[in-house]
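Below is one structure, written out as structure tokens; the observations come after it.
The values are calculated or read from the model by the stated rules, or taken from the named source; none is laboratory data. Computed from a predicted model, the values in this text were never measured in an experiment. Here the Cβ positions follow ideal geometry from the backbone for every residue, glycine too, while neighbour counts run over all protein chains shown. Keep in mind that these areas ignore ligands, DNA and RNA; they rest on the heavy atoms of the full protein, side chains included. Shrake-Rupley method; radii C 1.70, N 1.55, O 1.52, S 1.80 Å.
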Amino acid sequence: MASKNEELHKRLLATFRIEADEHLKAMTSGLLALEKTSPGTEATNIIETVFREAHSLKGAARAVNLGAVESLCQALESVFALLKKAQLDVTVTLLDHLHHVLDELGKLLNKDIATMTSTPADISNLINRLEQIAKGVSPSDITQPARTQDKIQDKPTPPSPSPVSPAAAPAGTVRIATSKLDTVMRQVEELISPRLAASQRTIEIRNTAATVASWKKARKQLQPSLRHIERTTLRKDSSGSITDNKELRKLLNYLEEEALFISSLDNILTKLGKTASRDQRSLAGMTDSLLHDVKQMQLLPFDSLFELLPRLCRELARELGKEVELTVEGSEIEIDRRILEELKDPLIHLLRNAIDHGIETAPIRTAAGKPTQGKITLAVSQHDSGKIEIRLSDDGAGIHADKVKAAAHKQGLINYDEAELDESETFDLLFQSGISTSPIITDVSGRGLGLAIVREKAEQLGGSVSISSQPGNGTTFHIILPMTLATLRGVLVRAGEQLCVIPAAGVERAARIKQHNIRTVENRETITLDEQVISLVSLSDVLEMPAVSTVDINTPISVLILGQNTSLMAFRVDEILGEQEILVKNLGPQLVRVRNIAGASMLGTGQVVPVLNVSDLLKSAVITTPASRTALPGKQMAADAKQSILVAEDSITSRSLLKNILESAGYAVTTAVDGLDAFTLLKSENFDLIVSDVEMPRMDGFDLTAKIRSEQQVANVPVVLVTALETREHRERGIDVGANAYIVKSSFDQSNLLETIRRLI
């Protein structure tokens, strides 16, 4: 076990060295740019960038237990924080100090930092100097130590090493820019087109050879007739000599030469077909091997992504006052680096949701008979057909279907007059933008965007996501993704006169259905497969292409069953031409997003065909269903009216700012100087929403919210608290009194406020 941990630590340390090199270079470039920049917005942005790099390096050093590096970066942060607040002037002396710190930090990283047990004396001195600067001591009053080459003039000075020497990289490896790797991948993928073309040429040569062979066979059957003609047309004259018809003789000679030519042509085409087939197999073998090797170069273990999640989990759990344990399973499974990069945001969204919405606080868990420490499991497993499943589960409160329906109804996505939704359909609503079951909007979550981003990203990667949950027992998210993003298998179909490719990953099965087995249910065509009733639509109708002519009722029709998550739909096509490997190309900047189209591909014949988007097809098919859900008409009517907002704020400056922001967004705004004034106005006027500060005289925002919730007439009016109080205790109190959103002024953004208001009213 110890050896395994040591191996992991070595791997993490190698990764850290690479990351540290990048952070050091970025900070050095930032300081150099700062020297050439006058005070202003640009200089502030540079300081912010350098500040972030120092912060990131500190976090990375903490993850690999490098206390000396962490302490030095923390001292740097203190100085950059003063620069950011304009409490410290940017001077040449200060920049010299900072450059010297970065030089020493680079030298420190070149040492065997893994074996350090304490902070070196020279690094401690640097930390002390930075702390003095942070406390207000002028940089010019701090003596900068002379460089080694200044102290020892009689010894030659070796060139200073780079922050991270090449030797720091693992043996047998080289560093290469990901952009170069992506370029190689694209070039290798381009070989698929000539490989498909070579296969098509081989087929064409074989067909031509078969045509000539058939011609040769037909020509051979004419030989007896030609012999008969020759015998009957050559006759003896009166003297007994044979009369020869010269014209006929020419024709017969030509026909004999033609037979030889056909035989020769047949032999040439046969040899050419064998050669082309051999070359095609060789090209296919080399292309597949090269593509496989380049794909392997793109693979990274999942633990390279998971390294940032435990720390995020720990910090977020502490911020929310919860105890959470994160367990990772299957992190050794390798997946395409590009997919890993795209997965970072969705997994962070899911982890934040699990901690904020799923895991309960210790008292609630104790009352429910659960351990005080919540458990989140992130498991990765490999499936057949080159797919992986990522499963993130928690043992928290679970999802209540009634709350999901209520949130969807409030957004106008469903109508309670409709038929009852089953569990999978209800949970599927959570992936709609703006749907959230959280009682309050905070900086962590509650805006209803996280799960929408997760599904969008999964579908962009050619995968799917689904939810399973039991109230009181936890929630599990299942994400199915391909292991690589390179080529894919596609089913080539014909809809009308148009050829299309449907990704095979979205095709559940293909079938031939007799037309008399098609039934009409609720004005929709359906078929029955494996005792399951599936809606049937025409692919031509979904793509809005001209309908094909009616076929004989006795002729079976071809259908493809497409599926994603729990949705299944049968698509009628005119012909299924087969499955083949394809290379998907985007449609260019002019057509960034086209409904139902994921991209385009070139067939071996040179014909360009569209590659369809399975997710869009399923959505487009549902839209045409008479039973499809539509937004409530009252929702649009309400949106057209000018909505009124009451702003309660004791600061005249903040009150004016909020009033201008909201009026510019089209709201009718009334202001109150404190909570008591606001509550008095509520009794005499109707408001759609209340925006309130917390700290106010006579009645604060918490008491105002509690008072509103206790009054039946105004109990349902949404309340948004905008305050400088950002501790966990204040947020929890906001939830307890019934606030719908809690926005911290330190991270105030007017777009954030307006977006929150749009969701609440």
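Some points to look at:
- Residue in segment 360-374 that is in contact (Cβ under 8 Å) with a residue 60 or more places away in the chain and within 28 Å of the chain's Cα centre (by Cα) present: no
- Subset of segment 670-689 (residues that are surrounded by fewer than 19 Cβ atoms within 10 Å (Cβ to Cβ) and aliphatic (A, V, I, L, M)): Val673, Leu676, Leu681
- Considering segment 605-619, and only residues there that are open to solvent by less than 10 Å² (accessible area, probe 1.4 Å) and over 9 Å from Val501 (Cβ atoms), the residue that is nearest to the chain's Cα centre (by Cα) turns out to be Ser615.
- Tally of residues being assigned to a helix (DSSP H, G or I) and either modelled with pLDDT of 80 or more or hydroxyl-bearing (Ser, Thr, Tyr) (or both) across segment 87-102: 9
- So Ala706, is it surrounded by fewer than 21 Cβ atoms within 10 Å (Cβ to Cβ) and among the aliphatic types (A, V, I, L, M): yes
- Only one of the numbered conditions (1) touching a residue at least 12 places away in the same chain (Cβ under 8 Å); (2) open to solvent by less than 20 Å² (accessible area, probe 1.4 Å); (3) touching a Gly at 6+ places or on another chain (Cβ under 9 Å) is violated by Leu392, and that is (3).
- Residue within segment 321-334 that is in a helix (DSSP H, G or I) and under 29 Å from Arg728 (Cα atoms) present: no
- Taking residues in segment 282-296 that are under 19 Å from Ile176 (Cα atoms), and partners anywhere that are open to solvent by less than 80 Å² (accessible area, probe 1.4 Å) and part of a helix (DSSP H, G or I), the pairs with Cβ atoms closer than 8 Å and at least 6 places apart or on different chains are Leu290/Val188; Leu291/Val188; Leu291/Glu189; Leu291/Ile192; Val294/Val184; Val294/Met185; Val294/Val188; Lys295/Met185.
- Exclusive hit being out of contact with any strand residue (DSSP E or B) (no Cβ under 6 Å at 6 or more places or on another chain), assigned to a helix (DSSP H, G or I) and exposed (fewer than 14 other Cβ atoms within 10 Å of the Cβ), set Arg318, Arg352, Arg365, Arg338: Arg318
- Sole residue being loosely packed, with under 15 Cβ neighbours inside 10 Å and either touching a residue at least 24 places away in the same chain (Cβ under 8 Å) or aliphatic (A, V, I, L, M) (or both), chosen from Gly472, Gly506, Gly462: Gly472
- Residues within segment 739-761 that are surrounded by 14 or more Cβ atoms within 10 Å (Cβ to Cβ) and charged (D, E, K, R), tallied: 2
- One residue stands out among those in segment 321-335 that are open to solvent by less than 50 Å² (accessible area, probe 1.4 Å) and free of Cβ contacts under 8 Å to residues at least 60 places away in the same chain: the one that is farthest from Phe477 (Cα to Cα), which is Lys322.
- Test: residue in segment 529-543 that is assigned to a strand (DSSP E or B), out of contact with any Phe, Trp or Tyr (no Cβ under 7 Å at 6 or more places or on another chain) and surrounded by fewer than 15 Cβ atoms within 10 Å (Cβ to Cβ): yes
- Taking segment 33-77 as the range and being in contact (Cβ under 8 Å) with a residue 12 or more places away in the chain, β-branched (Val, Ile, Thr) and part of a helix (DSSP H, G or I) as the test, the residues that pass are Thr44, Ile46, Ile47, Thr49, Val50, Val69.
- Condition met for Asp112 (modelled with pLDDT under 80, more than 34 Å from the chain's Cα centre (by Cα), surrounded by fewer than 21 Cβ atoms within 10 Å (Cβ to Cβ) and within 17 Å of Leu13 (Cα to Cα)): yes
- Single residue of segment 441-496 satisfying the filter (at pLDDT below 75 and in a strand (DSSP E or B)) that is farthest from Leu753 (Cα to Cα): Leu488
- Candidate set from segment 714-738 (those that are closer than 19 Å to Gly321 by Cα and not in a helix (DSSP H, G or I)); member that is least open to solvent (accessible area, probe 1.4 Å): Leu725
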